[in-house]
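Colleague: Quick one: the structure is below, questions incoming.
The values are calculated or read from the model by the stated rules, or taken from the named source; none is laboratory data. This is a predicted model, so every value here is computed, not measured. Here the Cβ is made from the backbone with ideal geometry for all residues, glycine too, and neighbour counts use every protein chain on show.
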Amino acid sequence: MSSRGDTGAGPKRSISSPQLPTAMASFLSLWKACGPVALPLLVLSVAVFTVGFDRGAFWWRWFAPGRRSWRQRLQLLDDCDHQMAWGEPLLQAAVVLAPLLGLIGTTAGLMAVLKQLGSQLLLPPGAPLAGYGDVLLPTLLGLQITFVAMALLLLNQGLRRWQLRHCANP
């Protein structure tokens, strides 16, 4: 028995939180795997989610019950059409740029792996194979950003078209 009164049985707990270093290590390994496109992918993903939250707030206010009659909404449509379409150019650009940035990151990662493998393209003796799959992470991230941007873009365009049709024929 130690001086603190524990019996020594059971798992030992460290004083510092193991979650923070693990999360930070995961983030840093992801940052390293993405290579030179990590910052553009991060900026693009933040921009896409910012537009998504803004569009959600806009449509939430638009459809709030009891705020406006359909006749008032019809009058506002002419004024608000540009507000309804806000963010769509950025989402369209993200749909195109995110997978391309991912492919650039994967290509750069594959070039680094091939350089590391040497002229005979053999793994060093005793080297684990697990880390070599990380070169595909930039493409995965780019495709995920594209999926979110495309879903937000189509949802916003669909709501805008529905609102224009519905208010034109109340």
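Colleague: Could you identify the single residue in Arg71, Arg165, Arg161 that is part of a helix (DSSP H, G or I), among the basic types (Lys, Arg), out of contact with any helix residue (DSSP H, G or I) (no Cβ under 8 Å at 6 or more places or on another chain) and modelled with pLDDT of 85 or more?
Modeller: Details: Arg71 fails: modelled with pLDDT of 85 or more; Arg165 fails: modelled with pLDDT of 85 or more.
On inspection, the qualifying residue turns out to be Arg161.
Colleague: Given the options Phe63, Phe49, name the one that is closer than 25 Å to Ala151 by Cβ, at pLDDT 90 or above and surrounded by 10 or more Cβ atoms within 10 Å (Cβ to Cβ). So that I can check it myself, show each step before the final result.
Modeller: Details: Phe63 fails: at pLDDT 90 or above.
Exactly one of Phe63, Phe49 is closer than 25 Å to Ala151 by Cβ, at pLDDT 90 or above and surrounded by 10 or more Cβ atoms within 10 Å (Cβ to Cβ), namely Phe49.
Colleague: Kindly indicate whether Leu140 is at pLDDT 90 or above and either among the polar types (S, T, N, Q) or part of a helix (DSSP H, G or I) (or both). Spell out how you get there, then give the answer.
Modeller: Values: at pLDDT 90 or above: yes; either among the polar types (S, T, N, Q) or part of a helix (DSSP H, G or I) (or both): yes.
So Leu140 fits the description; yes.
Colleague: I need the full set of residues from region 108-155 which are among the polar types (S, T, N, Q) and either surrounded by 15 or more Cβ atoms within 10 Å (Cβ to Cβ) or closer than 22 Å to Gly52 by Cα (or both), in order please.
Modeller: Within region 108-155, Thr139, Gln144, Thr146 meet the criteria.
Colleague: What number of residues within region 33-65 satisfy the criterion of being more than 16 Å from the chain's Cα centre (by Cα), closer than 30 Å to Gly131 by Cα and without any contact (Cβ under 8 Å) to a residue 12 or more places away in the chain?
Modeller: Residues that pass the stated criteria total 0.
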